[in-house]
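Some notes on the structure that comes next.
The values are calculated or read from the model by the stated rules, or taken from the named source; none is laboratory data. What you see is a predicted model, and the numbers here were worked out from it, not measured in a lab. Methodologically, a virtual Cβ is constructed for each residue, glycine included, from the backbone with ideal geometry; neighbour enumeration extends over all protein chains shown.
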Amino acid sequence: MHNKIAKILKQLNAVLLGKEQQTKLALVCLLADGHLLIEDLPGMGKTTLAGALAKTLGLDYQRVQFTSDMLPADILGVSIFDKQLQQFNFHQGPVFTQVLLADEINRASPKTQSALLEAMEERKVSIDKLSYSLGQPFFVIATQNPQDQAGTFPLPESQLDRFMMRIELGFPNKDAELAMLKEQTAATSINAVIDSQQLQTMQAAVKRVQASDVLLNYLIRLVNESRYAAEYTNALSPRCSKSLLNAAKAMAFIEQRDYVVPEDIQAVFAAVTDHRLNGVHGVRQGSQALSQTLLNSIDPLQP
Amino acid sequence: MLEFLTRQSLSLILLSYALIMVLLTDQLHSVMIVFGILCALWRVAVFTGRVALLNKLMTNIFTLICSALVITLVYQQGMLSILVHLVVLGFSLKFLELKSVRDVHFFVNTGFVLVALFLVFNQSMLMAGIAMVSTLLLLTILLSLHGKALANYQQFKLLSKMVLLSVPLAVVLFIVLPRLPSMWKMPLQNKATTGLSDSVSPGSIAELSQSSELAFRSSFDGKIPAAAMRYWRVLTLDQFDGKTWTQSSQLKYQEEQVKIGKGPIFNRGSLQYQSASTRKQSVPTKENSYQIIIEPHYKHYLPSLDFAKATAGRILLSDYSLRTLKPVFKRQAFSIDQFNQVERSLLSPQSLKQFLQLPSGGNPKTKAWIATQQASGLDSYSILEQLLAKFNQENFRYTLQPALLGEQQIDDFLFTSQAGFCVHYASTYLYVARALNVPARMVTGYLGGELDSDSEFLSVRQYDAHAWVEIWKNQQWQRVDPTAYVAPERVEQGIMQGLDDQSEFLSGQYLSIHRWQANPFLNQLRNAFAKADYLWAVWVINYDNEKQFKLLQNLLKGLPWLNLSILILLLLLSAASSLILWVFKPWQTEKVPTEDRLFNKLYQKSTQQHLAREKGQTIADYCQALSQFKIEEPQLLIDFAKLYNQIKFKPSLSATQRKTLLAELAELQKKINRQFRKSLDFHKNRNGSE
């Protein structure tokens with residue numbers, strides 16, 4: 001199973017050069033069965049990463065470009081009256097897929113955003129008193145552009161909380177960019193390394209990764225610090241601590257361990273907590289991200 | 001002006017100053033009291049902003065002058081008095097110049113010393129209670145100084161908590177801590193206090209009768225003797241100058257001997273002049289025994305019922321009265337055996353002459369009366385009985401406020417005023433007896449005493465002071481109490497009943513609770529208090545080394561191997577160990593897991609490489625960073641971290657696996673430390689060679 005993981009990562013890194021950390025986190029997020037928010041400037045490879053992820057994992061995916069005039073029906077689907085059958089027929093929207101790539105999610109109106117968010121949390125769609133279950137697995141990979149805020153609706157804290165991780169890609173380093181320019185890697189060359197069945201097996205394996213009491217204690221101390229220390233305006237929710245543990249488990253799984261160590265938590269911590277700590281109007285304070293401040297203030301050794 | 005002193009603390013300070021000065025009023029020279037009042041007024045004026053504090057130079061000069069003045073004033077009164085005055089002076093001056101927190105500390109500590117000094121003079125329960133209140137007040141000052149943030153009730157709560165917590169400690173210290181009697185000797189006070197004096201003239205006992213102060217208490221092992229038998233002998237007076245009865249030089253010599261601690265002990269036939277024809281004497285047998293708890297009177301007197309024997313620590317004088325070896329300067333308990341008789345002896349010619357001594361001349365009327373009686377053929381003893389009958393039948397009155405007597409005292413009393421109290425009657429009777437050649441002497445002491453409600457103990461107060469006569473008859477001293485013929489109630493029921501006019505009793509002392517004996521409620525209250533004070537005296541004041549030892553011995557009876565020194569050692573050890581336990585609380589410190597201990601060992605060594613672990617850094621990160629340093633095999637560190645993580649965070653490890661892994665980890669740690677040491681030595685050598 002682990003050589004598959006290595007293959008997946010290798011393929012992803014071939015698509016997105018020099019971003020090993022980010023691709024790993026993205027994979028961790030999917031293995032932990034969480035939704036992913038990618039935030040960066042335009043043209044940084046957000047969509048490329050999302051697409052490559054879906055393809056590599058052998059999942060079918062739908063891409064929706066969000067705009068401000070979009071309605072919930074544009075995502076969820078719509079019931080149309082069939083004259084021949086004399087009844088309404090539900091036409092599934094793009095959400096009925098395994099991976100939904102929601103491009104520029106912050107451009108949609110809050111109404112549309114929340115329609116998507118119900119699907120994210122409940123993994124089902126309710127229309128006209130009928131609920132339609134979404135397939136398994138189901139991921140939302142959303143991207144958003146932090147700049148250029150005119151005509152956008154920033155996701156509120158409650159909705160940010162539903163994304164397990166938020167990652168930033170950042171500019172590639174010199175070598176990576178040079179390599180990128182030299183060989184034009186085509187998206188078409190991406191093959192599925194595993195299928196969705198195998199992905200679910202992996203997810204089950206991730207769930208079996210063990211976490212000792214000492215480690216859970218460390219996690220709880222971290223979360224509690226955000227709740228009781230003065231510098232954090234947004235406290236971390238219990239959902240966040242759950243996500244943190246699941247992500248750490250997935251990280252441990254990728255690192256070929258069947259138990260979680262503090263390094264796993266530290267590796268996923270920034271991605272899992274930064275967007276929750278900063279909030280909608282969150283401004284980075286000082287040179288250090290809030291998540292880093294939090295990590296530095298808790299000693300993993302001393303209880 | 002004084003930010004550190006709140007209005008509240010300053011009022012507390014004023015209050016405690018006033019209280020302590022009032023406590024010590026009895027011990028202080030009147031000048032000192034006036035000075036204290038002036039200090040208080042000055043301080044209040046400073047408090048309200050009318051005057052300024054004295055400056056430093058002025059204070060110093062003032063202190064010197066006052067000290068010199070005080071020493072000259074009270075120099076006569078002995079060391080203790082000088083000590084008290086100097087401390088009070090310092091206390092007052094400090095009170096005047098309170099400027100900082102340190103001053104207040106000084107003030108409060110001096111206050112504690114003064115309260116302790118107060119307890120030197122007063123040991124009754126009431127006084128101990130008052131001393132306790134002053135101590136609490138001083139503590140409150142300290143608390144109000146440091147606990148400004150606390151509300152009043154919180155301060156009160158804290159104070160009561162502290163006091164309550166210290167009570168068990170105080171009790172244990174009281175019971176267990178050995179008394180150190182000879183380390184520190186109380187300088188004796190020369191001040192006269194109430195009590196019997198060694199000379200009596202009509203009038204002096206009347207003064208005593210105005211005092212309801214406790215003289216002593218007594219409890220009996222056997223039956224309590226009837227009121228009329230409770231003649232507590234203290235002093236014998238046998239020298240008369242026409243006005244005043246004093247001790248003859250013979251007796252004075254004995255008293256002096258007592259003072260230097262080697263008085264005569266007239267116990268067994270040690271008396272000379274034992275007649276050859278002495279009858280077969282019956283051996284004195286013990287009738288009763290009793291305890292006396294005597295109030296401090298700074299003399300050697302020890303009241304006793306007839307007859308007592310000298311035992312260790314006591315001296316028996318030739319007149320049967322008891323003396324203590326050391327003056328009674330604190331409440332003290334004595335246990336005395338009462339015997340039915342003393343071994344008889346004859347009077348020496350010398351003493352015979354003394355017991356017949358009278359001033360020459362004077363009192364012609366009395367002499368004439370004696371002559372007429374003699375003329376009617378009566379013998380000496382019958383004439384004396386005639387005199388008693390005269391007291392009884394004629395218009396003699398028992399009063400504490402008799403008219404003044406003239407030059408011819410006996411004549412004036414017997415034929416003119418016919419009003420007086422015990423000393424008048426005793427003195428007259430003595431005069432007549434001696435004039436008739438009957439050896440006689442005056443005995444002063446106390447008569448009666450009041451039983452408490454449960455008939456457990458007698459309280460004898462100063463107003464129970466009494467004087468009576470002993471005449472030598474049938475070769476032994478026989479007690480005659482002329483007062484009994486005038487006012488038999490005095491003998492049987494006490495002085496209040498004896499008085500013809502009962503309003504004379506404790507006249508001028510309206511506040512004294514003893515004056516209002518008729519009020520049943522007050523009487524009950526008085527009795528209850530007397531009882532409590534008695535128990536206080538028995539159990540607290542007289543708890544000395546001996547009792548302590550006995551108590552501990554009783555406690556230890558069941559454990560023969562345990563003696564006192566071992567017990568004290570054990571107590572000290574247990575106190576020390578519980579203190580250690582309490583400080584370190586081993587049950588609260590978690591055991592450090594082995595893997596963490598190993599890491600700490602490694603870490604101690606690695607910090608010498610100047611790499612400290614940051615707070616949030618995990619062990620793997622740290623080892624990673626450390627492996628960049630000069631170490632032969634960096635891989636060891638990575639392995640260490642991996643192993644550590646496995647041991648620490650893998651829940652599925654079995655105990656045996658864990659053990660082997662721990663052994664491996666220990667091995668790794670040793671290797672790494674060795675390498676560290678090597679690289680350090682290498683660095684040192686290199687630095688040294690440079």
Next on the checklist: Of the conditions (1) crowded, with 19+ Cβ neighbours inside 10 Å; (2) touching a Leu at 6+ places or on another chain (Cβ under 9 Å), B:ASP306 satisfies every one except a single condition; which number is it?
Outcome noted: (2)
Checklist entry - Taking into account only those residues within the stretch B:612-628 that are within 19 Å of A:PRO262 (Cβ to Cβ) and more than 9 Å from every other protein chain (Cβ to nearest Cβ), which is surrounded by the most Cβ atoms within 10 Å (Cβ to Cβ)? => result B:CYS623
Next on the checklist: Condition first: over 19 Å from the mean Cα position of the chain (by Cα), touching a residue at least 60 places away in the same chain (Cβ under 8 Å) and buried (at least 16 other Cβ atoms within 10 Å of the Cβ). Now tell me which residues in the stretch A:54-84 satisfy that.
Outcome noted: none
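Could you check the stretch B:594-683 for helices (runs of 4 or more DSSP H) lying wholly inside it with 1 or more residues that are touching a strand residue (DSSP E or B) at 6+ places or on another chain (Cβ under 7 Å)? Don't jump to the end; show me each part of the working.
On the way: elements: B:594-606, B:619-626, B:634-649.
Those helices (runs of 4 or more DSSP H) span B:634-649.
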Checklist outcome for this item: Note on the stretch A:233-252: residues more than 14 Å from chain B (Cβ to nearest Cβ) and either in contact with a Leu (Cβ under 6 Å, 6 or more places away or on another chain) or part of a helix (DSSP H, G or I) (or both) are A:ASN234, A:PRO238, A:ARG239, A:CYS240, A:SER241, A:LYS242, A:SER243, A:LEU244, A:ASN246, A:ALA247, A:ALA250
Item to check | Any hit, the stretch B:262-279, residues being over 23 Å from B:PRO439 (Cβ atoms), buried (at least 21 other Cβ atoms within 10 Å of the Cβ) and either of a type in the set (A, V, I, L, M, F, W, C) or at pLDDT 80 or above (or both) | outcome: no
Checklist outcome for this item: Residue count, the stretch A:255-275, condition away from chain B (no Cβ under 12 Å) and either in contact with a Pro (Cβ under 9 Å, 6 or more places away or on another chain) or over 12 Å from A:LEU295 (Cα atoms) (or both), comes to 3
Item to check | Unique residue being assigned to a helix (DSSP H, G or I), loosely packed, with under 12 Cβ neighbours inside 10 Å and not acidic (Asp, Glu) when the list is B:ILE33, B:ILE65 | outcome: B:ILE65
Checklist entry - Restricted to the stretch A:236-262, and to residues that are over 22 Å from A:MET1 (Cα atoms) and free of Cβ contacts under 8 Å to residues at least 40 places away in the same chain, which residue is surrounded by the most Cβ atoms within 10 Å (Cβ to Cβ)? => result A:LEU244
Item to check | Top-ranked residue of the stretch A:196-231 - restricted to ones that are of a type in the set (A, V, I, L, M), in contact (Cβ under 8 Å) with a residue 40 or more places away in the chain and more than 13 Å from chain B (Cβ to nearest Cβ), ranked as farthest from A:ALA247 (Cα to Cα) | outcome: A:ALA229
Next on the checklist: It is to be established whether one or more residues within the stretch B:338-356 are modelled with pLDDT of 85 or more, surrounded by 14 or more Cβ atoms within 10 Å (Cβ to Cβ) and over 41 Å from the mean Cα position of the chain (by Cα).
Outcome noted: yes
Checklist entry - How many residues are hydroxyl-bearing (Ser, Thr, Tyr) and either within 14 Å of chain A (Cβ to nearest Cβ) or surrounded by 11 or more Cβ atoms within 10 Å (Cβ to Cβ) (or both) if we restrict to the stretch B:567-611? => result 5
Next on the checklist: Just to be sure I understand the filter: pairs with C-beta atoms under 8 Å, separated by 6 or more residues or on different chains, first member in the stretch A:23-35 and more than 17 Å from A:VAL260 (Cβ to Cβ), second member part of a helix (DSSP H, G or I) and not hydrophobic (A, V, I, L, M, F, W, C). Which pairs pass?
Outcome noted: A:THR23/A:ASN13
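Which count do you get for residues in the stretch B:68-84 that are surrounded by fewer than 11 Cβ atoms within 10 Å (Cβ to Cβ) and either among the acidic types (Asp, Glu) or touching a residue at least 60 places away in the same chain (Cβ under 8 Å) (or both)?
Residues flagged as surrounded by fewer than 11 Cβ atoms within 10 Å (Cβ to Cβ) and either among the acidic types (Asp, Glu) or touching a residue at least 60 places away in the same chain (Cβ under 8 Å) (or both) within the stretch B:68-84 amount to 1.
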Item to check | Residue in the stretch B:461-480 that is farthest from B:LEU451 (Cα to Cα), counting only those that are of a type outside the set (Lys, Arg) and under 36 Å from the mean Cα position of the chain (by Cα) | outcome: B:VAL469
Checklist entry - Within the stretch B:358-396, which residues are surrounded by 13 or more Cβ atoms within 10 Å (Cβ to Cβ), in contact (Cβ under 8 Å) with a residue 24 or more places away in the chain and assigned to a loop (DSSP other than H, G, I, E, B)? => result B:LEU358, B:GLY362, B:ASN363, B:PHE396
Next on the checklist: Tell me yes or no: at least one residue of the stretch B:54-61 is part of a helix (DSSP H, G or I) and either surrounded by 17 or more Cβ atoms within 10 Å (Cβ to Cβ) or aromatic (Phe, Trp, Tyr) (or both).
Outcome noted: no
Next on the checklist: Any residue at all in the stretch B:403-422 that's part of a helix (DSSP H, G or I), touching a His at 6+ places or on another chain (Cβ under 9 Å) and not hydrophobic (A, V, I, L, M, F, W, C)?
Outcome noted: yes
Checklist entry - So which residues in the stretch B:292-336 are of a type outside the set (Asp, Glu), assigned to a loop (DSSP other than H, G, I, E, B) and within 15 Å of B:VAL460 (Cα to Cα)? => result B:PRO296, B:HIS297, B:PRO303, B:LEU305, B:ARG331
